[in-house]
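The values are calculated or read from the model by the stated rules, or taken from the named source; none is laboratory data. Everything quoted here is computed from the prediction, not taken from an experiment. For neighbour counting, all protein chains shown are included, and Cβ atoms are generated from backbone atoms with ideal geometry for every residue, glycine included. Ligands, DNA and RNA are excluded from the accessible area calculation, which covers all protein heavy atoms including side chains. Shrake-Rupley method; radii C 1.70, N 1.55, O 1.52, S 1.80 Å.
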There are 4 protein chains.
Amino acid sequence: MPKIVDEQMREATRQHIIHEAAQEFARLGFDQANINLIAEKAGIGKGTIYLYFENKRELFLAMLRFIAQTQLAAIRGALAQNGDLQTRLEQLFLAFVRLAEEESDSFNVYMSALYGVNRAFRTEATKLLRDYVAVIAMVLEEAQAHNEIHIDDVDTTALMVLSLTESFILSARVLGQSQQNLMAQATRTAQFILQGLGATRQPEEV
Amino acid sequence: MPKIVDEQMREATRQHIIHEAAQEFARLGFDQANINLIAEKAGIGKGTIYLYFENKRELFLAMLRFIAQTQLAAIRGALAQNGDLQTRLEQLFLAFVRLAEEESDSFNVYMSALYGVNRAFRTEATKLLRDYVAVIAMVLEEAQAHNEIHIDDVDTTALMVLSLTESFILSARVLGQSQQNLMAQATRTAQFILQGLGATRQPEEV
Amino acid sequence: MPKIVDEQMREATRQHIIHEAAQEFARLGFDQANINLIAEKAGIGKGTIYLYFENKRELFLAMLRFIAQTQLAAIRGALAQNGDLQTRLEQLFLAFVRLAEEESDSFNVYMSALYGVNRAFRTEATKLLRDYVAVIAMVLEEAQAHNEIHIDDVDTTALMVLSLTESFILSARVLGQSQQNLMAQATRTAQFILQGLGATRQPEEV
Amino acid sequence: MPKIVDEQMREATRQHIIHEAAQEFARLGFDQANINLIAEKAGIGKGTIYLYFENKRELFLAMLRFIAQTQLAAIRGALAQNGDLQTRLEQLFLAFVRLAEEESDSFNVYMSALYGVNRAFRTEATKLLRDYVAVIAMVLEEAQAHNEIHIDDVDTTALMVLSLTESFILSARVLGQSQQNLMAQATRTAQFILQGLGATRQPEEV
DNA sequence: TATGAATGAGGCTTCATTCAT
DNA sequence: TATGAATGAAGCCTCATTCAT
């Protein structure tokens, strides 16, 4: 069945292009990134890229969707583990720190899309933001079911948790803090959030 | 002394160009914005812009610096008023909401620069971020002097406060929440922060 | 002998490609026509077309030759019937009207080639023009043998007859006249030509 | 008043570009013609051409309109002179021969547009065809007023006259006849047409 | 000082053609 | 023989920047 092999090859090439594209887009942004250079770095011909993506914009969106999947999977993985809310919030924080560091290209591209001016990209990036909020909301509801906390508006609170986590890391990176430094803040930030939520049983009081 | 008058005229024109540039840059981003169109909207010749700014990039940076000054002034103004920490944090929050709404062009441009990929712009935008942190740190230290709170690392905490505030607003806007909705969150967010900080006297307990 | 069957198959495929090519070339012209699309419409692979034709240009020329054969056969058929010159000129006119209508793709392609700018194509198209003139010259000579007319320069006159017939139809089509309208002009145009030739016995005087 | 000088300069440049464009379009056709080469031949920068014409297509159309004006003026001039119908038809014929020879670029471009496949161009070229027919129809009506001829459908007859004249010349050129040869056919073709029209007083009978 | 016509580098995209399977 | 994925030359067009006026 060469069909399946071909299909696998095609998908592999697609992923490869997306990977190279992410590097270029992260380095230069959408407009300054050069399709020809992406093709060259991917080791394929200029025209070949158009066999996989309709145009530059679609390549960017495909890359964005791929990044979103990857990042969401990482976050879901971090929150999947059992533990009390404090632990899970720490995991969330650490997962974001890791993403920002290890997938910094993706992270940058994603943030650019989210807070940048291109509406088409923002729409796509926003989907991931919603997914993040949903995942965190679910964690909060579980904590609530276990009487760890009591909150009125779960979604807004989830947004607050996400914002704090993400933006804290982003700002810290912009200000030049090391990954080491950042990770050390995990417990503290989780405490901050828990206390902010008025957790019924605050960890350090146990 | 026509020299001074000329100098005033020149500065006025400069500000005018920056103002029009901000609109275009906010609308389209750095790359998609068109220098010729900015000149046209500013009512000056295409070449004239280069008598005020070396090139497109310098125009963008000049605009960024202007925005930074304006925004920082707004934030300083909000925090200048007397009151307890809760009140001041609410003011900080409200000031950001207003900025995001009333100076949305500037706000967008600034966020793009901060989280975007162009290093030159990020460097400039980061300066504002540092200034923000410094202002908030000062407020926190005052509150500490008044025994309202006790915190170890003032700078990190200030960053946390800023991150939460700014990112919360940014995310809420991306998710489509109205200014009304946002403003209603001021008290709640301030409480969240205060509790997170482990404030010695939590407002609702009074 | 599978050899012959193969040869027939090959020729059939060739004709099929030419047929589809004619539609595309007629619709879009040589440059805008897309080889890949022609292959697709012909139900064969992109590469296969190059097993039958050296390149796009040769495909176009082959198509042109095929069209020329078809059209010349139609004209010969129209003029083969017995009758006086008036009748035969009417038949000639009607044959062109039919060609322009029923084989409009071919007709368009042919006219484009003849009056277009590509020298290679014009050369090929000119061959058909010469054949047309030759066929009409023969008819004129027969009429002369029957004392229907007397003309000095048979070739030039034949060219005149062809020009008038063909161009009249072409112009009428360009101006949007219907096939019905055009066909009604057959007798009149034939008379016009005959009178123009100074026919010894003009039909309407009989 | 630099405005007028500038306006004249601008128009001169425009005409110059059109002139160079006509050569390239006549030589290679619309698709094969190269905008960059046209600019180079016109002695201007690549981008400059777009200050005068929106895009390649508009340049082609502008050129077509210019050609149409020029050709129609030539034809009108030829028919403006007094004289009987025979003389005027000869002048028409000679005018077309001259156009085909002296303005062969324009003539080719025009014919390509008229009989080619690009609809947009055909529409524009058709306008000239209508103008031609109108001018000839006017001449025929004058002749009719002078009792030189009697015709029922002036427009159709005018189309016939135009078709014969134009196509005869076109075909003769395609077949390689010299301008000398062609011009010698003027009287003969005019007679052919007059007789075809059933002129009341045929020249050779006088 | 102010202008805007002119420039040309640069980039996305198309598509005829090739070639490994 | 048939295929279609891959190629890369080629070209239209944009726009930041220059410079003569």
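Summary of values
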read-out	value
Peptide D:40-53 - average C-beta neighbours from other chains (10 Å radius)	0
Contact order relative to length of the stretch B:1-53, as percent, for alpha carbon pairs under 8 angstrom and 6 or more apart	29
Whole-number accessible area per residue in Å² for the protein assembly as shown, which is evaluated in the context of all protein chains at 1.4 Å	46
Nitroxide proxy distance, nm - points 7 Å out along Cα→Cβ at C:ASP155 and A:ARG122	7.6
Residues of type aspartates and glutamates that D:LYS41 reaches as a straight line, Cα spacing below 17 Å, ignoring anything fewer than 8 places off in the same chain	D:GLU20, D:GLU24, D:ASP105
Loop sites in the stretch C:1-64: GluC sites (Glu not before Pro), DSSP, at most 14 other Cβ within 10 Å	C:GLU54
Relative contact order, percent, chain D [alpha-carbon distance under 8 Å, six or more residues apart]	21
Estimated dipole of the protein assembly as shown in Debye, rounded to 20 [Cβ of Lys and Arg +1, of Asp and Glu -1, Cα centre]	1000
Virtual spin-label span in nm between D:LEU51 and C:ASN181, 7 Å along Cα→Cβ	4.6
Percent accessible area from carbon and sulfur atoms, the protein assembly as shown, protein chains only, probe 1.4 Å	48
Estimated vicinal HN-Hα couplings, Hz - the stretch A:112-125 in sequence order (Karplus 6.51, -1.76, 1.60; Gly, Pro = x)	4, 5, 6, 9, x, 9, 6, 4, 4, 6, 5, 4, 5, 5
Chains B and A together, accessible area buried on both sides, 1.4 angstrom probe, square angstrom	3900
Principal-axis tilt of helix C:56-80 within chain C, Cα atoms, nearest 10 degrees	30
Solvent-accessible surface ranking, highest first, for C:PHE192, B:PHE66 at 1.4 angstrom	B:PHE66, C:PHE192
Shielded by partner chains, the stretch A:164-180 residues - at least 20 Å² of accessible area, 1.4 Å probe, vs chain alone	A:LEU164, A:SER167, A:PHE168, A:LEU170, A:SER171, A:VAL174, A:LEU175, A:GLN177
Distance (nanometres) between label positions extended 7 Å along Cα→Cβ at A:ASN147 and B:LYS41	5.9
Surrounding net charge for A:GLN23, when Lys and Arg each add one and Asp and Glu each subtract one, Cβ distance under 10 Å	-1
Net charge over other residues, Cβ less than 13 angstrom from the Cβ of D:GLN177 (K, R count +1; D, E count -1)	-1
Cβ-derived FRET efficiency at R0 60 Å, D:ALA12 paired with A:GLU11, nearest 0.05	0.50
Positive-end residue of C:ALA145, D:VAL174, B:MET183, charge dipole of the protein assembly as shown with Cβ unit charges	D:VAL174
